[in-house]
1. Please pick out the residue among B:88, B:69 that is modelled with pLDDT of 90 or more and in a helix (DSSP H, G or I).
2. How about segment A:20-116: which helices (runs of 4 or more DSSP H) wholly inside it have at least 1 residues that are out of contact with any helix residue (DSSP H, G or I) (no Cβ under 9 Å at 6 or more places or on another chain)?
3. Please enumerate the residues belonging to segment A:149-168 that are in contact with a helix residue (DSSP H, G or I) (Cβ under 9 Å, 6 or more places away or on another chain) and either in a loop (DSSP other than H, G, I, E, B) or under 19 Å from residue A:275 (Cβ atoms) (or both).
4. Tally up the residues in segment B:44-79 that are more than 13 Å from every other protein chain (Cβ to nearest Cβ) and without any contact (Cβ under 8 Å) to a residue 40 or more places away in the chain, please.
5. Considering every residue within segment A:339-354, establish whether at least one is closer than 30 Å to residue A:75 by Cα and not in a helix (DSSP H, G or I).
6. I need the full set of residues from segment B:204-227 which are under 20 Å from residue B:255 (Cα atoms), within 14 Å of chain A (Cβ to nearest Cβ) and in contact (Cβ under 8 Å) with a residue 24 or more places away in the chain, in order please.
7. Within segment A:190-205, restricting attention to residues that are touching a helix residue (DSSP H, G or I) at 6+ places or on another chain (Cβ under 7 Å) and closer than 18 Å to residue A:314 by Cβ, which residue is surrounded by the fewest Cβ atoms within 10 Å (Cβ to Cβ)?
8. The conditions are (1) out of contact with any helix residue (DSSP H, G or I) (no Cβ under 8 Å at 6 or more places or on another chain); (2) within 14 Å of chain A (Cβ to nearest Cβ); (3) on the phi > 0 side of the Ramachandran plot, and residue B:127 fails exactly one of them. Which is it?
């Protein structure tokens, strides 16, 4: 027994010694840590390296990283998946001095980390792997540029859209002769069309998720403030929301709510179900559901299949700049003192790989962050991209120097939600939103 | 006489039936969300995205459960949760029993003040000490370790209070009798008093284990590496961005999967849990 035990110990020690002595076992592999949201889908794509077969955000990003690891046997990208958006963990990791090498960050959240010196400026690294910021779309470049430096690799631009049930639009008499939907060009026209829609179909014009929701309210407000040329963040450290422009937007959505032009008391999941079940004409949702809705429209027997599905940017309701709020996903790189040149080179390869595969990522429904992909025939051939392409120029983020944009989104959403649903006077909600945000920004 | 007895029985039976009916109704109301979750977990995500009422129609599938198992990290997360919850439960029981005995039986300078200080811990919310604790653990390199996940929970003022009260309720004559038999302080604690506190230990142990198993926030910011995720954090990380719509069946299967060990625990320790809860209510 003892002799057997000794033999096992000796064998184990020999294997360990061989492993440490053999370059093939351990020495040549450079490990980098990657942290991302978008969920886990190992059951379907855990070992898939054929990216063209992957679908959805999770499937495509999982397959892309699998392919990167397969194509680069000298690099091991170890992935940690975090619950969306993962900023509590990331902040904690930075505080503990143990951040991941590469991490998904929204363009709107980059400033929170960049302003504290936690992110690595990428100008030099991108240059070494042959990525020029000139190749980014304007929206992508604007989103990752802080103080004239590039702080992340943009991988997409996303925004909110008008997802339209064409069957109900036809019933409401809101289709052009060529089958395209008639969209409003002013607030009055929107309300008139919503009334016409309600009269003819007996259903609300909008399907909105107004319950347990803040982001939708805020993104709507930003879009229509941009369209009124309201410079509400002229000073990135102080917001001006108690303005006639903001009041117009609040009152527009309150009128939509009061006149029953929208679904009520629905959360995000319920609103999606309602739209897919044909319970309203327009759903306000993001680029990420285009693929799902398109698939539903192609399925016989569904509400979208009977009359068709179309998707458009928000209509221009005001006379100012043609714009709508947009954000984007990026890969950011943490500042680390103990990073080796090999690890930095591996990070560069990782970023280059994602830049080269931005088309695959754009199949999610998001708009590409690279001009060449945006202009490519392959991208234009994807469903509905012809109507979505203008987002590349319409898409407008908040000024990049504005910090705590996720927290600001929650405050505006709470106050606007309270005003729209009648729990608070519009003026009071605007005043409270402005003061709460400014208090937040004053205490950074 | 007979009539009176009969009326009494009838009355009692009628009352019992009303109570029973109410209990069944309330039990069904309590059970409905669980049944709903189980139903959703047995449906395909795509079907649920279009209509959650499809839960009342065939076909059903167990693919959501297979998809959980296909994630190779799940068993690691279960192991992590078991290590953390078990370690925390054992540690809490040991420390709280010793502290409770000390406060209840030993006379030492500043005992009452120290006891008040411990009880003040009940009034301090976790969030108030979170940043400082996170920084200290960072300096001590305790993040992404089991110690880092277990240690904060060992500070359990409620447990100390509970055990102190239990020890105080045990007659001191038992200690005195043991002392006459020349037993040491530790022997009295270990052999005489501790066995009498088993109900309190069960209460504290079960509550500590359940709390630790369900804890989310501290593991979220301390165990940030995939290999150190507990089940709650790991399960949350697998949700897609808009899981409530696009992966509803999978999400519900996760809920069942994460809750199953606790349900098993409840089945085994039902007697103690009921005693613990009713005991806490009476006390």
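1. Exactly one residue qualifies, and that residue is B:88.
2. Helices (runs of 4 or more DSSP H) meeting the threshold: A:56-71, A:107-114.
3. Answer for segment A:149-168, where residues must be in contact with a helix residue (DSSP H, G or I) (Cβ under 9 Å, 6 or more places away or on another chain) and either in a loop (DSSP other than H, G, I, E, B) or under 19 Å from residue A:275 (Cβ atoms) (or both): A:151, A:152, A:155, A:158, A:159, A:160, A:161, A:163, A:165, A:166, A:167, A:168.
4. Residues in segment B:44-79 being more than 13 Å from every other protein chain (Cβ to nearest Cβ) and without any contact (Cβ under 8 Å) to a residue 40 or more places away in the chain: 6 in total.
5. Yes - at least one qualifying residue is present in segment A:339-354.
6. B:217, B:218, B:219, B:226
7. So, considering only residues that are touching a helix residue (DSSP H, G or I) at 6+ places or on another chain (Cβ under 7 Å) and closer than 18 Å to residue A:314 by Cβ, the one surrounded by the fewest Cβ atoms within 10 Å (Cβ to Cβ) is A:191.
8. Condition (3) is where residue B:127 drops out.
The values are calculated or read from the model by the stated rules, or taken from the named source; none is laboratory data. Bear in mind the structure is a predicted one, so any value in this text is a computation, not a measurement. No Cβ is skipped: glycine too gets one built from the backbone with ideal geometry, and neighbour counts run over all protein chains shown.
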